[in-house]
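Student: One structure, as structure tokens, below. Some questions next.
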Amino acid sequence: MKTQVGIIGAGPAGLVLANWLRKYGIESVIIELRSREYVEGRVRAGLVEQNTKDILKELGLDARMKKEGIVHDGVYLSFDEERVHIPFGELTGGRTISIYGQQEIVKDLTDAWLQEGGQLHFETKATKIVDFDTKNPKIHFEKDGEEEIMECDFVAACDGFHGIGRKTLPHKSFQSYDITYPFSWLGILAHVAPSTDELIYAYHENGFALHSLRSETVSRLYIQVDNDESVDNWSDDRIWSELSKRLATPGFELEEGPIFEKGITPMRSHMIDSLQSGRLFLSGDAAHIVPPTGGKGMNLAIADVKHLVDAFVDFYTNNSEVKMESYTRIALQRIWRAQDFSNFMTKLFHKQDAHGSFTYRLQKAKFDYLKVSRAYKTTIAENYVGLPFESFE
Ligand code: FAD
Ligand code: DHB
């Protein structure tokens, strides 16, 4: 098998990359470990930043998101049962977010790629990336028990946190940074109309809670739980009771409904400071993990791909390697910004120490400042909707 860009992984990063390269006449092939059913059914993020919306529009792949997604012009932030509203449009010159499930974006991108004849091999495992320090790198992969080789000009490892891309980078070529948080998120999907028109992030003495949504009849909610928790300890009643306590503010009532999905996600920050080696490039979760508070993971993955597309287009149309050489430097600016914002949101809204402790008082001082400062609200708004690409170029 031979192509120009060999892509490992059919998550948001790999699929956006393939669809975007095709617009410029650059050939690619995607290999994906899991089945199509598995990838399209995987419940993950739902917050789509302005930049991601703009990219999907530019690719002509935003029709269903425009129809079924929900545009939000603000967010509610709560602390000890007090609530502040952050109006995005007013503070950021009209930028907004949309709520539309990651797996719906993945379905739209997969359909578009396959409909136009794109090659995507499901249930195919990349086992080795070799010769990426030459002009002829290769991906070794296994399909139906057979070993095969894909020859390409470049390898894009969009293979998530557990993929082989990061493990293949020469160990001495990068430094890594990690934070493991002492709590996790229990996330649910429930058949019930959202009790809010915009997302609510809440600090409560029992721990963090987030009310998000998916549609007029489906709500997505999360609560902070201990790292060693199991979903088996969380009956539907216990979840709803905890959510209503943690999201409470005067006059607010949480509607309950049947829960049809429950899962626990650990929280970590992970970074490496080089996303490339020779002709191997990493994008998305393959290179970085942010804690989910603030919904940056998928958006960051797609932002990396924008810079990678710029680099490949420059190479294939201008025979220039300038943008390729600066891929890591350009992408890392946004990634570190998102790491900081996700860490800030996590620390502001999660219970980290006893209620009333010094840490708690610092959290509360931040929230009290937020209530009175337009500048502080603007900082949160512009990070939340995502800074424009020009800010980092
Ligand atoms: P992925 O979506 O992980 O895609 C990588 C793909 O590569 C996968 O399909 C994988 O099967 C494939 N792959 C891996 N190894 C191989 C191999 N050897 N060969 C071939 N294919 C391979 N973010 C938020 O903002 N909010 C959330 O609530 C949230 N919840 C999450 C819950 C979970 C359980 C996880 C894991 C992530 C969550 N995220 C969340 C993060 C967000 O979903 C990711 O940032 C996003 O999926 C990154 O996209 P990606 O394309 O880089 O990686
Ligand atoms: C969602 C997830 C997030 O991590 C977040 O900060 C906001 C929304 C969601 O799944 O809808």
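Student: How many residues, within the stretch 339-380, are free of Cβ contacts under 8 Å to residues at least 60 places away in the same chain and farther than 13 Å from residue 84 by Cβ?
Tutor: Counting residues in the stretch 339-380 that are free of Cβ contacts under 8 Å to residues at least 60 places away in the same chain and farther than 13 Å from residue 84 by Cβ gives 16.
Student: Confirm whether residue 351 is away from ligand 1 (no atom under 15 Å from the Cβ), at pLDDT 95 or above and under 23 Å from residue 76 (Cβ atoms).
Tutor: Yes; evaluated as a whole, the condition is true for this residue.
Student: If residue 328 passes every condition in (1) farther than 24 Å from residue 77 by Cα; (2) β-branched (Val, Ile, Thr); (3) within 12 Å of ligand 1 (Cβ to nearest atom) but one, which one does it miss?
Tutor: Result: residue 328 passes all but (3).
Student: Could you please let me know if residue 207 is within 11 Å of ligand 1 (Cβ to nearest atom), at pLDDT 95 or above and within 25 Å of residue 44 (Cβ to Cβ)?
Tutor: No.
Student: While we're on this one: If the Cβ limit is 6 Å and pairs must be 6+ apart or interchain, which residue in the stretch 152-179 that is farther than 15 Å from residue 308 by Cβ pairs with which residue that is acidic (Asp, Glu)?
Tutor: 160/285; 161/285; 174/273; 175/273
Student: Residues that are in contact (Cβ under 8 Å) with a residue 60 or more places away in the chain and closer than 30 Å to residue 313 by Cβ: find the helices (runs of 4 or more DSSP H) completely inside the stretch 1-94 holding 2 or more of those.
Tutor: In the stretch 1-94, 12-23, 36-41, 50-58 are the helices (runs of 4 or more DSSP H) which contain 2 or more residues that are in contact (Cβ under 8 Å) with a residue 60 or more places away in the chain and closer than 30 Å to residue 313 by Cβ.
Student: If you go through the stretch 362-393, how many residues are surrounded by 13 or more Cβ atoms within 10 Å (Cβ to Cβ), in a helix (DSSP H, G or I) and not polar (S, T, N, Q)? Reasoning before the result, please.
Tutor: Taking the stretch 362-393 as the starting set, the residues that turn out to be surrounded by 13 or more Cβ atoms within 10 Å (Cβ to Cβ) are 362-364, 366-368, 370-371, 376-389, 392.
Okay, now just the ones that are also in a helix (DSSP H, G or I), so 362-364, 366-368, 370-371, 376-385, 389, 392.
If we keep only those that are not polar (S, T, N, Q) as well, we get 362, 364, 366-368, 370-371, 376-377, 380-382, 384-385, 389, 392.
Going through the stretch 362-393 one residue at a time, the tally reaches 16.
Student: Count, please, the residues in the stretch 10-25 that happen to be more than 14 Å from residue 105 (Cβ to Cβ) and either within 15 Å of ligand 2 (Cβ to nearest atom) or crowded, with 19+ Cβ neighbours inside 10 Å (or both).
Tutor: 1
Student: Further question on the same structure: Just to be sure, is residue 301 of a type in the set (Gly, Ala, Ser), crowded, with 23+ Cβ neighbours inside 10 Å, within 26 Å of the chain's Cα centre (by Cα) and farther than 25 Å from residue 212 by Cα?
Tutor: Details: of a type in the set (Gly, Ala, Ser): yes; crowded, with 23+ Cβ neighbours inside 10 Å: yes; within 26 Å of the chain's Cα centre (by Cα): yes; farther than 25 Å from residue 212 by Cα: no.
Taking the combined requirement at face value, the residue does not satisfy it.
Student: Continuing with this model, one more query. Out of all the residues in the stretch 217-236, which are under 23 Å from the mean Cα position of the chain (by Cα) and closer than 26 Å to residue 85 by Cα?
Tutor: Selection gives 218, 219, 220, 221, 222, 223, 224, 225.
Student: Check 253, 229, 261, 242 and return the single one that is part of a strand (DSSP E or B), acidic (Asp, Glu) and out of contact with any Pro (no Cβ under 6 Å at 6 or more places or on another chain).
Tutor: Only one candidate passes the filter, namely 261.
Student: Follow-up question, since we're still on this one. Would you please list the contacts, defined by Cβ atoms under 7 Å and residues six or more apart or on different chains, that run from a residue in the stretch 287-301 that is in a strand (DSSP E or B) to a residue that is more than 9 Å from ligand 2 (Cβ to nearest atom)?
Tutor: Correct list of pairs: 288/270; 288/271; 288/300; 288/335; 289/161; 289/268; 289/269; 289/270.
Student: Out of the residues in the stretch 58-103 that are within 16 Å of ligand 2 (Cβ to nearest atom) and small (Gly, Ala, Ser), which is farthest from residue 23 (Cα to Cα)?
Tutor: That would be 78.
Student: Within the stretch 26-50, work out how many residues are touching a helix residue (DSSP H, G or I) at 6+ places or on another chain (Cβ under 8 Å) and either among the hydroxyl-bearing types (Ser, Thr, Tyr) or within 16 Å of ligand 2 (Cβ to nearest atom) (or both).
Tutor: Within the stretch 26-50, residues that are touching a helix residue (DSSP H, G or I) at 6+ places or on another chain (Cβ under 8 Å) and either among the hydroxyl-bearing types (Ser, Thr, Tyr) or within 16 Å of ligand 2 (Cβ to nearest atom) (or both) number 11.
Student: Is it the case, given these coordinates, that residue 76 is touching a strand residue (DSSP E or B) at 6+ places or on another chain (Cβ under 8 Å) and over 16 Å from residue 13 (Cα atoms)?
Tutor: yes
Student: Taking the stated definitions as given, is residue 149 β-branched (Val, Ile, Thr), buried (at least 18 other Cβ atoms within 10 Å of the Cβ) and either over 28 Å from residue 234 (Cα atoms) or within 16 Å of ligand 2 (Cβ to nearest atom) (or both)?
Tutor: no
Student: Run residue 7 past the list (1) surrounded by 23 or more Cβ atoms within 10 Å (Cβ to Cβ); (2) farther than 23 Å from residue 214 by Cβ; (3) out of contact with any Cys (no Cβ under 7 Å at 6 or more places or on another chain) and report the number of the one that doesn't hold.
Tutor: Result: residue 7 passes all but (3).
The values are calculated or read from the model by the stated rules, or taken from the named source; none is laboratory data. Remember, it's a predicted structure, so these values are computed and weren't measured experimentally. Virtual Cβ from ideal backbone geometry, glycine too; neighbours counted across all protein chains shown.
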